[in-house]
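Student: Got a structure for you, questions after.
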Amino acid sequence: MHAPATNHKMPRLRLSAGALYRLGVASRGVAAIVGGYVLAALVTMLLSVTLPMARPEAVMTATLLSFTIYTCAVLWVFATATALRAWLGLLIPSAVIAAILQWLDVLSWSLA
């Protein structure tokens with residue numbers, strides 16, 4: 001004997017406005033911390049190899065500028081209209097800079 005077929009739909013998860021706001025703030029926080037760090041690190045690498053000065057001075061200058069870049073990235077994340085725009089504003093420049101670094105043969109992707 002077969003059990004009667006029932007058509008039970010799963011209820012949709014609906015988040016309250018407060019929960020959506022908290023998720024947006026949490027997403028921006030992660031973007032500011034992680035995305036800002038990645039962007040600042042990549043810009044520092046790019047400046048370290050492209051500034052027209054001796055390597056130690058280039059690295060020191062790039063490192064000092066990284067604090068400003070990170071601060072601007074954090075400000076950008078919390079000044080944008082949406083969390084998606086904040087993420088894209090960090091990920092797109094990071095991808096472009098990583099591509100430039102790869103083209104310059106500076107990045108090493110090996111895990112060994």
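Student: Take the stretch 56-71 and flag every residue that is of a type outside the set (A, V, I, L, M), under 23 Å from the mean Cα position of the chain (by Cα) and loosely packed, with under 14 Cβ neighbours inside 10 Å.
Tutor: If the condition is that a residue be of a type outside the set (A, V, I, L, M), under 23 Å from the mean Cα position of the chain (by Cα) and loosely packed, with under 14 Cβ neighbours inside 10 Å, then THR63, PHE67, THR68, THR71 are the ones that fit.
Student: Does TRP103 meet the test of being open to solvent by 90 Å² or more (accessible area, probe 1.4 Å) and within 27 Å of VAL30 (Cα to Cα)?
Tutor: Here the answer is no, as TRP103 does not meet what is asked.
Student: Against the condition over 16 Å from the mean Cα position of the chain (by Cα) and over 20 Å from ALA26 (Cβ atoms), how does ALA95 come out, does it pass?
Tutor: Criteria not met by ALA95.
Student: Out of the residues in the stretch 22-55 that are under 15 Å from ARG85 (Cα atoms) and open to solvent by 60 Å² or more (accessible area, probe 1.4 Å), which is modelled with the highest pLDDT?
Tutor: VAL30
Student: Which fully enclosed helices (runs of 4 or more DSSP H) of the stretch 10-112 have 1 or more residues being acidic (Asp, Glu)?
Tutor: 55-79
Student: Also: Check off (1) over 24 Å from LEU101 (Cα atoms); (2) without any contact (Cβ under 8 Å) to a residue 60 or more places away in the chain for GLU57 and give me the number that stays unchecked.
Tutor: That leaves (1) as the condition not met.
The values are calculated or read from the model by the stated rules, or taken from the named source; none is laboratory data. Note that this is a predicted model, so its numbers are computed, not measured. For neighbour counting, all protein chains shown are included, and Cβ atoms are generated from backbone atoms with ideal geometry for every residue, glycine included. To get the accessible areas, we keep the full protein, side chains included, count just its heavy atoms, and leave off ligands, DNA and RNA. Shrake-Rupley method; radii C 1.70, N 1.55, O 1.52, S 1.80 Å.
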